[in-house]
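The values are calculated or read from the model by the stated rules, or taken from the named source; none is laboratory data. No experiment lies behind these values; they were computed from the predicted model shown. FYI the Cβ positions are ideal-geometry reconstructions off the backbone, even for glycines, and counts take in every protein chain you see.
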Amino acid sequence: MSRELPAEDPLVRMQRDLKRALKKKPKEIQWGMVIDIAKCIGCHACTIGCVAENKLPPGVVYRVVLEEETGHYPQVRRRFVPRPCLHCQNPPCVKACPVTATWKTEQGVVIVDYNRCIGCRYCLVACPYSARTSDFAEWYTEGTPDLAGKLVGRKAAANGYEAHPAAEYGKKWPDRDHDSPVGNARKCHFCLHRLKVGMLPACTTTCIGRATIFGDRSDPQSLVSEMIGSPRVFRLKEELGTLPAVYYLK
Amino acid sequence: MSKKKLKGLEELQEMFDVNMDRRYFLKCSAFLGGSLLATHYLGRFAQAAAGADWSTLDLPIGDAYTHYLPENQIYSVCQQCNTQCGIKMKFVDGLLAKIDGNPYSPWTLTPHIPYKTPIAEAATIEGAICPKGQAGIQALYDPYRIVKVLKRAGKRGENKWQTIPFDQAISEIVNGGNLFGEGQVEGLKDICTLKDPKIAKELAEDSAKVADKKMDLAAFKEKHKDHLKYLIDPDHPDLGPKNNQFVFNSGRLKAGRDDLLKRFIGGALGTENKHGHTTVCQGSLYFTCKAMSYQFEEGDWGGSKKFYWQADTGNCEFILFVGANLYEANYGPPLRNVKLTQGIVDNGMKIAVVDPRCSKGAARAWKWLPVRPNGVAAVGLGMMRWIIDNQRYDARYLANANKAAAKADGEPTWTQAAWLVKINPDGSTGAYLRGSDLGMPKEKRPKKKGDGDWEFDPFLVFSGGAPKPFDPNSEKDAVEGDLLVDTEIKGIKVKSVLQILKETVGARQLSQWAKLADISEADLTDLAREFTSHGKRAVADIHRGVSQHTSGFYNVLTYMTLNTLIGNHDWQGGLSSAHTWNITGDKEGKPFNLTKQSGKIKPFGISIIRHGKKYDKSTIFQGFPAQRPWYPFSSDIYQEVIPSIGDAYPYPIKAYFLYMGSPVYALPAGHKLIEILSDTKKVPLFFASDIVIGETTMYADYIFPDLTYLERWEFAGSHPSVTPKVAPFRQPAATPLTDTVTVYGEKMPLSLESLILGIAEKMKLPGFGENAFGPGLHLKRDEDLYLRMVANIAFGDKPDGSEKVAAAGPEEIKIFESARRHLPATVYDLKRWQALMGPEWWPRVVYVMNRGGRFQEYQKAYKDGQLANKYGKMVGIYMEKWAATKNSMTGKPYPAHAHFMESPTDVLGRKLDDEAKGFDLTLLTHRHISQCKSRTVGNYWLLALYPENFIDLSPVDARRLGFNDGDQAKVISPTNEAGVWDFGHGHKKPMIGKVRIVEGLRPGVTAFSLGHGHWAYGAGDVVIDGVKVPGDPRRATGVHANAAMRVDPVLKNTGLVDLTGGSAVFYQTQVKLVKV
């Protein structure tokens, strides 16, 4: 084992990779992600980081972490598998949309145009990875007391963390009421609003096991390309031919 | 291998309410049935279908995202658990919008970014923090947070409240009166009556003489006849002044606030009773390492510090984790996980985990050893036997008897392995052999302080066939000794410390140690071999699972002795300890000495928890056993505070002040405290500082709302595995949500600070208000203390000022000001702050605040294969002081070294055997990463992740007991046969939870995670000003089985305890699960 001290945190390396990518012509970038199962310790920081970044309401989740216990006592192992949208290069969800509200961008990110989406949920069914959820206008603070002046109360709490939608797709959405994204199909978008300003997706920066690697797949120097080249690499349900841009390491 | 789904995809989706369950189905039907919403959607469907432009699919990313701008960010420190990770708080329209990791902090990146990185550049870099940290926003904006002072409007614990003005509350607490229509209550002004520091000093000195039998009681009474009125009991002056009848108790408390409280509770109100909560966490870990840190100082053992060691995680080659819940807790996930995952996957690091439960860490380890809980020390002792038998210890290190010898070997520390110990006629071990025992002369040496001489009586090793005297601290005369010595010198039987250990572990065969631990002998040998195959780069890293036993102290000492056998302290990849920059300024050259307090009283007397004192050396000694245990070697004994108040031992109290703690919820057998807290005779006045009405503060007379950690100051300190020197702190960041009050003419939010300052102003306490720290240095509001602490950090620790941080340039100062544009003058005022700091300090203070503290660079924390920030002293493994001190309950001396202590025992040392009575499962607790102990249940994002906890069972036990996955079970124990929490006033909550069957659990053990099963903290109904505030059922889910934990049969109102290290015992209760 090396006696050298670590020179750079992978997050800082990926940040450098990202800056380099953003200097390229947009259509030359191919965003991708690698999730190292051997490093995922099931902390769910990515799940909550994503919920917090995108202010997701109850019922909407972009990135879950599946937990599994294998073996019999005392030969027991536990495995954790984060599952964001896999951003298929051949995405079944896109074909299911009756109103072309969802498509794959030239940078390989499958997105939803909330202003086009009619909330039919066909795409939820079409996704073989169950990566899409629907916004049913729920509130976390629903049912909590509103004794303003004596307690912080429901209104102030809701105002604090769920009345004002996050700037998904870099857009200012109206306060949560009847308008989009309420009623829409919602999914992971690789935090495009963050990428635009040179920041990694929230799930990546919050990964306390450094199991999530993000970057430009078309840049051979990037950490994500390095990881895709690992002999441990595989993709979920490869037999479906969906060609996910999210890879896993065994 | 068979495969058992713990949580399948479906279940996980359900977890986030994704499924179309009945509730959603109804809702969706409503949408389509013509409601306003449905019309809206359908309308849009038609519109989209008719007018969609199918040719251009473009969604330009807009500019609405503003988190990345430095002027929208403030750095602070998380407190969702005690890991205290550095955080970056991002604001949108004055509201806290997101919390991420502070990239300057070694907690969130390895290595963290250089300290000199401009904050504009750091604005887009984030470190990683855990899910709790990110959900902290929901602790801030918790609908159940209180914003006004509450006074009880019913009986204690009835949860009926009225809001009252702050000034009224302060007056009532200070002045007392018939406050609740239940009779007179004494206020603080009548309790804390001794105010004259000179009288206090004289009483303290002479009462100590009376206890030491150096002064006659009658003589004392005569000498102090005018001042006996200040004492609790003039016949027992060593109990101290009546001021001691005011008791302060804290849960989570860090520096800054702690310094303010020391000034207030001790220095101004003069009570000895300021107690923290260490023993509910990992008390015996702290107090064993404290015991090991005693140095030989001017003829006595001193200079010890309360601390502990952990592995320099990222640089180890092998770590043996024992009773440590790595990846989910263990100080802490963001800080240590990355070092472990990268180490294991990329760098060939090996870890082994000793734990009855297959934790997430164990699930990835080289070996998981599901130890028998009561046999946890046997693994370490068995390893020790193999290591000594095979001479796999670091003999070169162990032979060094003093500092000079260590220095010659390039070792930062040294130990006592070669020191000679006198053996008593009965074979037990006694004090160290000294020169005077062999007729050598003592040497007179001048005291450091210049106040006289002390006599040096040398210690001895055996070397070259003869005893050899030495000074442990000598830097010149290097002395080494033989390691295994068993001989007689001048008729005195002596053994070396390593010899004593060899015989201790030699008392059992390897197979017997393995059997005691219930692991295989082969595994035990493997562990010992691996541990001694990496030089200094192996560590036994331990935590609560080792310390929270009745034998906790000796369990910890076993593993820490194991580390000492390879001498890994202060080596890269070995054991490390925490290092911080001084904030109080009581050092040469510092800008502000904040310990100055004119008129300060030095508290004295026996504390309510009887810590740091010997029972048989007190005037209330009445033979063994004592009424309740005394704790000569530990402090902050959380589980002892309220029960001692209940028993009025050693004296009754008059007022109790609880800060940010929930002993009822957090302590084993916490239910026994409810009866005491409800009794206004035993606790005549109870006031508390809390953010929500909690499981313990619901019994208070007054609750003062506090600010959350996201709105206020506090200096977070460090943790042992953080190798760089640091000084992180919280600062005002989120807009305070509590009411504004006026104290000393200053407007400020309701908080702990305003509570303290309010009482100080009302009582005109010394060291507060005008000239509190000296002429012209006032203490009228929070920043008067805290900003000055930041200046002390900015200065550094070098007296010549050469360690000062850079001054922030105009751009950074502009960002600083802009980032605080949403803050009201009650917590931040630029002109006021600048005036307080002056032009010299202001830009440097800004530089530090802009980075959320001060952090040494990672590379600078290491030098030549060692840690740059060293412990650098003697590591004790044989405590002769222990052998000379009598246990207050048994009257026997405390053992001086690592050994196997049968457990669990009651306080009289009698082994408990509840298993024989049919209580067939050992109850364990653990932490799930999404919850801290008592105060994260209001974070709804976290609840969505893990809505309720479970009662875990192994398949073997489930089959045996007839449980299926998902069955309801009630936890009952010998001391809670009904299996309920009784809150008084007819309210009860049974300890019923859902059974989850897992392979990763030792048969015979059952476990639940902490944080669920609430009945207060927003989970139960309360009444405020006559209006019912209903509890939220989401906060009441799951089970909290602490009330099943074993009550000590002698004490009857306290859980089991470790009499040496002070720990509250969490892992040694036998329970039964009953089908519901």
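At a glance:
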{"item": "Output for the stretch B:215-255, where each listed residue is among the hydroxyl-bearing types (S, T, Y) and in a strand (DSSP E or B)", "result": "B:S250"}
{"item": "Residues of the stretch B:738-747 satisfying the condition of being part of a loop (DSSP other than H, G, I, E, B) and surrounded by 24 or more Cβ atoms within 10 Å (Cβ to Cβ)", "result": "B:T738"}
{"item": "Any hit, the stretch B:813-828, residues being on the phi < 0 side of the Ramachandran plot, surrounded by 22 or more Cβ atoms within 10 Å (Cβ to Cβ) and within 27 Å of the chain's Cα centre (by Cα)", "result": "no"}
{"item": "Pair list, Cβ under 9 Å, 6 or more apart: the stretch B:1004-1031 residue assigned by TED's automatic domain parsing to the domain that holds B:P356, other residue crowded, with 24+ Cβ neighbours inside 10 Å and not in a loop (DSSP other than H, G, I, E, B)", "result": "none"}
{"item": "Residue in the stretch B:130-146 that is in a loop (DSSP other than H, G, I, E, B), facing chain A (nearest Cβ under 9 Å) and under 20 Å from B:G853 (Cβ atoms) present", "result": "yes"}
{"item": "Selected residue [free of Cβ contacts under 8 Å to residues at least 24 places away in the same chain, buried (at least 24 other Cβ atoms within 10 Å of the Cβ) and under 23 Å from A:P128 (Cβ atoms)] from A:V64, A:V99, A:V34, A:V110", "result": "A:V64"}
{"item": "Residues of the stretch B:74-88 satisfying the condition of being in a strand (DSSP E or B) and within 12 Å of chain A (Cβ to nearest Cβ)", "result": "B:I87, B:K88"}
{"item": "Subset tally (residues that are more than 8 Å from chain A (Cβ to nearest Cβ) and under 24 Å from the mean Cα position of the chain (by Cα)) for the stretch B:118-129", "result": "0"}
{"item": "Of the criteria (1) among the acidic types (D, E); (2) more than 14 Å from chain A (Cβ to nearest Cβ); (3) in contact (Cβ under 8 Å) with a residue 40 or more places away in the chain, which one B:E999 fails", "result": "(2)"}
{"item": "Any chance B:T564 is in a helix (DSSP H, G or I) and over 14 Å from B:W419 (Cα atoms)", "result": "yes"}
{"item": "Qualifying residue in the stretch B:174-184 (condition: in a helix (DSSP H, G or I), closer than 27 Å to B:L231 by Cα and of a type outside the set (F, W, Y))", "result": "yes"}
{"item": "Single residue of A:Y140, A:Y122, A:Y161 found to be of a type in the set (F, W, Y) and more than 19 Å from A:E53 (Cα to Cα)", "result": "A:Y122"}
{"item": "Filtered residues of the stretch B:256-302 (kept if outside any helix (DSSP H, G or I) and under 20 Å from the mean Cα position of the chain (by Cα))", "result": "B:G256, B:N273, B:K274, B:H275, B:G276, B:H277, B:Q282, B:S293"}
{"item": "Selection count where residues are out of contact with any Lys or Arg (no Cβ under 8 Å at 6 or more places or on another chain) and over 19 Å from B:L326 (Cβ atoms), scope the stretch B:532-558", "result": "11"}
{"item": "Residues of the stretch B:147-171 classified as over 11 Å from B:F704 (Cα atoms) and more than 14 Å from every other protein chain (Cβ to nearest Cβ), total", "result": "9"}
{"item": "Some residue of the stretch B:846-865 being surrounded by 16 or more Cβ atoms within 10 Å (Cβ to Cβ), assigned to a helix (DSSP H, G or I) and free of Cβ contacts under 8 Å to residues at least 12 places away in the same chain", "result": "no"}
{"item": "Options B:V664, B:V726; residue that is touching a Ser or Thr at 6+ places or on another chain (Cβ under 8 Å) and free of Cβ contacts under 8 Å to residues at least 60 places away in the same chain", "result": "B:V664"}
{"item": "Hits in the stretch A:158-214 - residues which are small (G, A, S), in contact with a Ser or Thr (Cβ under 6 Å, 6 or more places away or on another chain) and within 9 Å of chain B (Cβ to nearest Cβ)", "result": "A:A158, A:G198, A:G209"}
{"item": "Residue match in the stretch A:172-179 (condition: within 20 Å of the chain's Cα centre (by Cα), more than 29 Å from B:V1027 (Cα to Cα) and in contact (Cβ under 8 Å) with a residue 40 or more places away in the chain)", "result": "yes"}
{"item": "Options B:K223, B:K254; residue that is under 30 Å from B:V790 (Cα atoms) and basic (K, R)", "result": "B:K254"}
{"item": "Tally, over the stretch A:56-81, of residues that are facing chain B (nearest Cβ under 7 Å), outside any loop (DSSP other than H, G, I, E, B) and out of contact with any strand residue (DSSP E or B) (no Cβ under 8 Å at 6 or more places or on another chain)", "result": "1"}
{"item": "The stretch B:330-369, subset among the aliphatic types (A, V, I, L, M) and part of a helix (DSSP H, G or I), residue farthest from the chain's Cα centre (by Cα)", "result": "B:V345"}
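Here is a yes/no grid of residues against (1) part of a strand (DSSP E or B); (2) modelled with pLDDT of 95 or more; (3) of a type in the set (A, V, I, L, M, F, W, C); (4) touching a helix residue (DSSP H, G or I) at 6+ places or on another chain (Cβ under 8 Å):
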| site | (1), (2), (3), (4) |
| --- | --- |
| A:E106 | no, no, no, yes |
| A:I111 | yes, yes, yes, yes |
| A:C117 | no, yes, yes, no |
| A:C120 | no, yes, yes, yes |
| A:C123 | no, yes, yes, yes |
| A:E138 | no, yes, no, no |
| A:T141 | no, yes, no, yes |
| A:D146 | no, no, no, yes |
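Residues checked against (1) charged (D, E, K, R); (2) within 14 Å of chain A (Cβ to nearest Cβ); (3) part of a strand (DSSP E or B):
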{"residue": "B:K881", "(1), (2), (3)": "yes, no, no"}
{"residue": "B:T890", "(1), (2), (3)": "no, no, no"}
{"residue": "B:A898", "(1), (2), (3)": "no, no, no"}
{"residue": "B:L908", "(1), (2), (3)": "no, no, no"}
{"residue": "B:S930", "(1), (2), (3)": "no, yes, no"}
{"residue": "B:K933", "(1), (2), (3)": "yes, no, no"}
{"residue": "B:L942", "(1), (2), (3)": "no, yes, no"}
